[in-house]
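Undergrad: Sharing a structure below in structure tokens format, with a few things to ask.
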Amino acid sequence: MLNAHRLVVSHLATSRFEGGGLRSHYEYRDLGIGAATGGRVGAHVIRVTDPHATSPPHTHALDFQMIYILRGWVVFDYDGVGEVRLEQGSCAYQPSGIRHAEIAHSGDLEILEITMPAEFETASV
């Protein structure tokens with residue numbers, strides 16, 4: 001059950017980016033939303049650590065996924081759509097199950113990602 005009386009604040013100065021997430025060429029900063037919502041919603045900032053790495057085609061099984069580009073740019077190849085370049089200020093809703101691959105990104109890429117639920121399955125395709 002959501003605790004409506006629990007405020008969660010995450011400050012950059014006191015937060016850490018950590019590896020070990022979905023992709024090895026990213027670091028993730030957990031914003032604490034997953035813990036505050038009992039896992040119903042997740043939010044984190046992702047930043048690139050390897051400007052030359054890419055992600056092979058994959059899908060996610062989840063109810064909601066939104067990404068917002070905070071810095072830099074990224075190019076995804078979406079099944080049925082083709083290549084889409086997202087730049088600083090771009091936002092994308094990625095429906096559950098859409099096949100996509102990351103094919104390029106800038107060395108300064110930072111992304112805000114919000115998902116429902118916080119933890120979800122990813123499958124290579």
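Undergrad: Residue under question is H58, and the condition is that it be touching a His at 6+ places or on another chain (Cβ under 8 Å), part of a strand (DSSP E or B), under 21 Å from S96 (Cβ atoms) and at pLDDT below 95; does it hold?
TA: Criteria met by H58.
Undergrad: Inside the stretch 1-27, can you point out the residues that are among the basic types (K, R) and at pLDDT 70 or above?
TA: Passing the criteria: R6, R16.
Undergrad: Let me ask another. Between a first residue in the stretch 45-58 that is within 26 Å of S10 (Cβ to Cβ) and surrounded by 13 or more Cβ atoms within 10 Å (Cβ to Cβ) and a second residue that is modelled with pLDDT under 85 and hydrophobic (A, V, I, L, M, F, W, C), which pairs have beta carbons less than 7 Å apart while being 6 or more apart in sequence or on different chains?
TA: What qualifies is R47/F17.
Undergrad: Then there's this: Does at least one position in the stretch 64-77 carry a residue that is closer than 26 Å to S15 by Cβ, over 12 Å from the mean Cα position of the chain (by Cα) and surrounded by fewer than 14 Cβ atoms within 10 Å (Cβ to Cβ)?
TA: No, the stretch 64-77 contains no residue that is closer than 26 Å to S15 by Cβ, over 12 Å from the mean Cα position of the chain (by Cα) and surrounded by fewer than 14 Cβ atoms within 10 Å (Cβ to Cβ).
Undergrad: Of all the residues that make up the stretch 88-102, how many are surrounded by 13 or more Cβ atoms within 10 Å (Cβ to Cβ) and part of a strand (DSSP E or B)?
TA: 4
Undergrad: Given the conditions (1) part of a strand (DSSP E or B); (2) surrounded by 13 or more Cβ atoms within 10 Å (Cβ to Cβ); (3) not aliphatic (A, V, I, L, M), which single one is not true for E83?
TA: It fails just one condition, (2).
Undergrad: Of all residues being assigned to a loop (DSSP other than H, G, I, E, B) and among the aliphatic types (A, V, I, L, M) in the stretch 34-55, which is farthest from Y68 (Cα to Cα)? Just the residue, please.
TA: A53
Undergrad: Filter the stretch 103-125 for residues that are farther than 23 Å from T49 by Cβ, outside any loop (DSSP other than H, G, I, E, B) and at pLDDT 95 or above and give the result.
TA: Once the filter is applied, which keeps residues that are farther than 23 Å from T49 by Cβ, outside any loop (DSSP other than H, G, I, E, B) and at pLDDT 95 or above, the stretch 103-125 yields only M116.
The values are calculated or read from the model by the stated rules, or taken from the named source; none is laboratory data. Keep in mind the model is a prediction, meaning the values are calculated, not measured. Note that each Cβ is placed from the backbone with ideal geometry, even for glycine, and that neighbours are counted across all protein chains shown.
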